[in-house]
Every structure is written in structure tokens, then in C-alpha cells.
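Since the structure comes first, as C-alpha cells, the remarks are kept for the end.
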Amino acid sequence: MLEIMRNNASGWIVKILFAVIIFIFVFAFGMSGLDSSGDPTVATVNGQAITRAEYERMYERASENLRRSNPDVSPAQLRSPQFKQLVLGQLISEKLLLDQADKLGIRASDKEVAAGIASVSAFKDAKGNFDKQRYLAALNEIRMTPAEFEESYRNDLTMQRVKDAVGAPADVSEPQARQIFNWLGEQVRIDYIEVLPVDFRKDVKVGEAEIEAYYKANQDRFKIPAQVTLRTLAFTPANLAKYQTVTDDEIAKYYAANKDGMQVPEQIHARHILVAVKDSDSEAAQKKAKERIEKIYKEAKAGADFAKLAKDNSDGPSAPNGGDLGWFGKGAMVPAFEKAAFALNKGEVSEPVKTRFGWHVIKVEDKKEGSTKTLEEAKDEIRTRLAEEKASDKANDLLDQATDRLVSGMTLENIASELGLKTETTDPMPAQYLAQTFGMSADAAKAVSALTPGEAYKSPVAVNGGYMLVEKVEDTPPSVMALNLVRQTIVNTLQNQKGAELAQNEADKIHAALTGPDAEAAAKRYASRIKTTGAFNRQGNIPALGESQPLAKAAFNAKNKDWFKLVYTMPGGGAVVARLNERIPASDASWKEQKQFWLDQAGQNYRREAVAAFMDDLSKNAKVEIARPDILK
């Protein structure tokens, strides 16, 4: 039984975590104990028994690992029938694979098992040698004997060899991998005319009857959930700090001892203009972007109003604000941008700077040199810090005193009064926000929300920064917001709906004209409204328009540059008439750099598909009988 390996081999951390069923954790289910009475066979696979002992071993180890990986797993999850069925499904798959291994004469040898276990670091000492005690301790932790572990390891190696044999013919050729690369790496641009709902807002009228009808038909949208109001007494440094006294002398001493830590870093106030372009864009697009930024740079250097230039030309989100980035220090921007910006003097404009976002021109509006805060500037910060330190020293003692009074039946108001503290009463809030608001556990939040008004939770609740005592003040039942509070929201919604309908109608007219008998005349009529997107791939995130899989699919399926047969509705309600502008093949240079990666990835995918098909075929032709279906319930 591999005695030499038990004495000399090294470990396998994946096995310790029982990776044979790690896929189960994705489903976030759990298991519970089993009824140990009845038939010792849980199921048979082609006449081979899956014993209760086998099932229970996998079941218990999976349950233990699930608890380790997810300490918050509930007993209900640990009793999930779905999880039990997945465990049994894995055992059935193993039986099928091992049966095939027997038929094919495949079996991992003692030498292979020994070498496999010896290659794992978890059982090795600091010098990299196998440590028997580590090995035994690790197996004891997962409740396995060396013999059980080694046999399970042998089975895993054997099953993997079967999978390797099945997947071997699925190795991908270079042309196949290149085909996948080309398909995924191809990009397109489209010409489009977009008609937006906002263009028709002035034509949209919303009547009172429509508003009331919408309000009545959509009550669920305006529901206010049940809410709770709490009275709290917090024992955290931040809350108790206001009760502490910090003298000017203490502040001065702290400042003198920590002056080096009172640094104000160098900052600049800058604007920028961005011409967006990606490294993956075509050479033509790269060239066009560079030419555009050079033109903007010349205008900025010549003294043009930089803010106006940014508003008119920048592709960045700061464009409406004249490219204003506000004040920032080092570390806030990408390295290339930061280096260029901090090298400028006040009022200077940088040469074009390239980052992963595109090309930038930067102007520094103002600079603040790094400095040390004066005592006056740092006084409030130091006072708060010292007050919290004092409060931290007293928090546990105050909490103990408050808890004793709570257990004796005192109200939070009386407890706070005796301790010289003050309670706080929250605004009404949905119970589901308690955990997020205070940082308490989900179980504590559930228990607090279940209190009756006037009732206090009988023990301190752990929250962000410490603990607090909690008393429920009031339960507010669910309700519907009054019409006057949501009227404008309804008006906006109806205007958008009607605007979208009008936009669709207008787009349909444009489409009909561009694809009709007088298409040439229509093309001239609408020429000024035709725009061209940036390049995009099959994921469907289209520059300037947003995400639309249907539109992206039409673009990649286009055989010519005719207008597409359909008008496409965008996420914001706009309607788009479009046609293919340019098809951009995947880069030859990128293929040369990434060829091995794509060969490996495609090969792995093909092999996985081959193994999955093989397992599906085995399952379909297997005779599986569940002897104890009650165990899975």
C-alpha cells in the first residue's frame, strides 16, 4: 500500500481540499447528515454498487470543505437535495470513467501515484523534502487514512488518463486556431443615423388621466417597503470620541512627536483634452487620432481657450466641464499622464501624451507645492485622533457596564443617562439595509428586525468599529408613495415612452427612404446626419451608441454596405438606421505574438468538449438505478 510513499512522499494541496468535487461549490449548496439505516447500497451503475459508505465519505468531506470555504452556509443549505444529487452524480461519473479505464486497460501505477504525491508542496518541509508528519496531519484533517488517500489519488490519475486519451484526438491545428483568432479579433465600423426620444420631447404632451392611469397600473414601482426605526447606543471609538476631553497641550505634544507625518503632498489643478483610441484599433484609426491631437495641440499652444477646445474636441467625460480634472496628487492618474502633468509649470500645455485611453493634451491651471501642516492646520485632525484613542481605551469597560444594565431590564435611554452618554434614533429604514448600514452580520440584522417595538436586543451587536446596543422604536408597514411625490417621475417616463415611439416612427421613415426607389436622393438629403462609429468587436459595445448585440450581429453578418434591413432600438430608447462602413481583420502582428496562446486555448476547449461529449454518451448508455432515493431528499 505504498508504504514507502507514506513514509517519504510529499503532498497534494488540491487533494486536501478534495478537488474531486470542487465544482459543486459553484452551486453554493450544502448537505446534511444521512439516515444510517436501510440498504447499504445507494445506487448501482452498470451493476457496480455505490455504497452508503462511499456516498457518506464524499458527502462529509464535501460538507466540511463547504463550511471552510463559506462559514456562513446555513443548515438549510447543508440539507439541499440538489447538492446531494450533485454528489451522487459525481460518484456516478467516477464509476463510469473507472469502468472505461478497466475496459481500456488503463490504471495508474504505484510509481505514478508515488511521483504525483511526491510533487506536492503541502507535505514538504522547509528544505523541500517530504515530511511524514505533515502528510499524516493533513490527511487526518480531512479524515482520510493514507491508504484511502492513495487509492483516491490513484483513481483520479486513472480517470485523468482516460480523459486525456479521449481528448487527445481533439488537438487543434494552427489553421483552426487562426480561424478562431480571426473571428474573435475582427472589428467593424458602421455608419448610422440615430433618432433620439429627446428630440421629440417638445412634441410630447402628457395628460393628467395618463399620469393617474400609469400610477394605478404600476403601484409596485412606487412601493415603500416595510421599515424599522431603531434606538442605538454605540460603543465605538468614533461615537465615544465626542465625550472625551483633549487639551491643547496634548495636541501640541502629539504634533511635535508626529510632525513628519503631517505632510501635504504636492498637488496640481489641471485640464486635459482626450482623443480616444485603443492600441487594438486599426493603423488608420491610430493615424487619424494622432493627426487630430496634433492639430488640437497646435491650437492650444497658439493660445486658444483651452476649456473651449476641450468642450469642442475632447472624448473624455470631463469635456462638458472644459476638461477640468480638479486638484489631484501623485498616484491618482496613470503613470504617463502623471509624469507629463507634474513636469509642467502653472499655465503650461504639454505635448501630446499617449496612455491606454488615447492621446492627451494637458494644461496645468495651478500648483500647490508639498508642505508640512502647521499646528493650527492639523489641530482638528489631531484632536479627533486623540479623542478616539482615549475612547478606544474606555469602550470595553463602558460596554460591560451597559450590558449589565441591559440584562437587568433597563431601557437604553436610562442606560445612556447613567453612563453619561446619549442614544441615537435612526430614520426609518428597510430592514434589509441594517447589515449594510451598520456592518452587523446578516443573522444579527434578522434578529434585530424581528424585535417588537419597545424591545431591546439582549446582547451587544458587533458593528463597524465596535459594538452597539439596539432597541426597536417602531415598525412602519409597507406603503405606496403619494402621487404628488412621483408625478414628475411618471411624466418623464411617459415622455420617454412617447418620445421613443416617435423616434422609432421617424427612423422607420428614414430607413424606408434610404432603402426605397429614391435611395440616392435620400442619401444626399440625410448625408449631414450620417455619423461613423469607432471600431468595435463582436461583444456589441458600440462606440457612441452603447451596447446592442442585435446591431453588432447585423454589422458582422453584413455582406455589403447596403443599409441594414431593420431599424435597431438602443438601450436609451433611440432608434438607429445603420450600414457597414469598414471591416477590420484581426492583426497579423497580434497573431504572431499570441499564436501559442490561441493554440493552447483552442486545444483545451476542444478537449473539454470531447470529454463532455464522451461523458454524455457514457451516461446515456449507462444503466443507473437509484436504490435509496429517500437519501437524496
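Once the Cβ-Cβ distance between Ala450 and Leu485 is put in as r, and R0 is 30 Å, what FRET efficiency do you end up with, to the nearest 0.05? FRET efficiency, Ala450 to Leu485: 0.50. For the range 523-609, the tally of Lys pairs with Cα-Cα distances below 29 Å comes to 14, considering only residues 8 or more apart or on different chains.
Across the range 480-491, computed HN-Hα scalar couplings (Karplus, 6.51 cos²θ - 1.76 cosθ + 1.60, θ = phi - 60°) run 10, 4, 5, 4, 5, 7, 10, 4, 5, 4, 5, 4 Hz from first to last residue, x flagging Gly and Pro. Protection proxy ranking for 268-274, 106-112, using the average of other Cβ atoms within 10 Å per residue and placing the highest first: 268-274, 106-112. Residues whose amide H falls under 5 Å from that of Glu186, counting only those 5 or more places apart or on a different chain, are Ala586, with hydrogens built in the peptide plane. For GluC sites (Glu not before Pro), the sites in the range 230-320 that DSSP calls loop and that have at most 14 other Cβ atoms within 10 Å are Glu266.
Give, rounded to the nearest 20 debye, the magnitude of the charge dipole that the chain has about its Cα centre when Lys and Arg contribute +1 at Cβ and Asp and Glu contribute -1 at Cβ.
Using Cβ point charges on Lys, Arg, Asp and Glu, the chain gives about 1680 debye.
Counting neighbouring Cβ atoms within 10 Å and putting the fewest first, the residues Ile190, Ile92 line up as Ile92, Ile190.
Phi angles of the range 256-268 translate, via the Karplus equation with coefficients 6.51, -1.76, 1.60 and θ = phi - 60°, into HN-Hα couplings of 5, 7, 10, 4, 5, x, 9, 7, 9, x, 4, 9, 9 Hz per residue; Gly and Pro are given as x.
Between the range 141-179 and the range 502-559, what is the separation of their alpha carbon centroids in Å? Cα centres, the range 141-179 to the range 502-559: 50 Å.
Just need the relative contact order of the range 266-369 here, percent rounded to a whole number, with Cα pairs under 8 Å and 6+ apart. It rounds to 43 percent for the range 266-369. Under 5 Å between amide hydrogens, built in the peptide plane, is the criterion, and for Ile224 it picks out Ser479, Val480, Met481 among residues at least 5 positions away or on other chains. Computed over the chain, the per-residue total of -39500 (n - 2.57) for DSSP H runs of n ≥ 4 gives a 222 nm mean residue ellipticity of -15500 deg cm²/dmol, rounded to 500. Take every Cα pair under 8 Å whose residues are at least 6 apart in sequence, average their separation, divide by the length of the range 532-633, and the relative contact order is 13 percent. Centre-to-centre, using Cα atoms only, the range 409-446 and the range 251-288 are separated by 41 Å.
For the range 266-369, the dipole from Cβ point charges (+1 on Lys and Arg, -1 on Asp and Glu) about the Cα centre works out to 120 debye, to the nearest 20. Shown here for the range 413-494: GluC sites (Glu not before Pro) in loop regions (DSSP other than H, G, I, E, B) with at most 16 other Cβ atoms within 10 Å, namely Glu455.
With θ taken as phi - 60° and the Karplus curve 6.51 cos²θ - 1.76 cosθ + 1.60 applied, the whole-hertz 3J(HN,Hα) list for the range 285-290 is 5, 5, 5, 4, 5, 5 Hz, x standing for glycine and proline. Listing Trp327, Trp359 from fewest to most neighbouring C-beta atoms within 10 Å gives Trp327, Trp359.
Each Lys or Arg adds one and each Asp or Glu subtracts one; over the other residues with Cβ under 9 Å from the Cβ of Arg583, this totals -1.
For the chain, relative contact order (Cα pairs under 8 Å, six or more residues apart, normalised by length) works out to 23 percent. Once you order the gyration tensor axes a ≥ b ≥ c over the Cα atoms, which shape class does the range 153-309 get: rounded for a/c under 1.5, otherwise prolate or oblate by comparing a/b with b/c? Rounded shape, in that the Cα axes give a/c under 1.5.
The stretch between Gln594 and Gln179 holds 148.1 nm of extra length on full extension. This uses 0.36 nm per residue minus the Cα-Cα distance. Using the Cβ-Cβ distance between Thr493 and Arg68 with R0 set to 56 Å, the FRET efficiency works out to roughly 0.70.
Where the alpha-carbon atoms of the range 266-369 are placed on the principal axes, they occupy 42, 28, 22 Å, in descending order. Kirkwood radius and radius of gyration were both taken over the C-alpha atoms of the chain, and their ratio Rg/Rh is 1.04. By other beta-carbon atoms within 10 Å, ranking Val470, Val73 with the fewest at the front produces Val73, Val470. The stretch between Gln549 and Ser528, if pulled fully straight at 0.36 nm per residue, gains 4.9 nm over its current Cα-Cα span.
Coordinate-derived values only; no laboratory data. Everything quoted here is computed from the prediction, not taken from an experiment. As a convention, Cβ positions derive from the backbone with ideal geometry for all residues, glycine included, and neighbour counts pool all protein chains shown.
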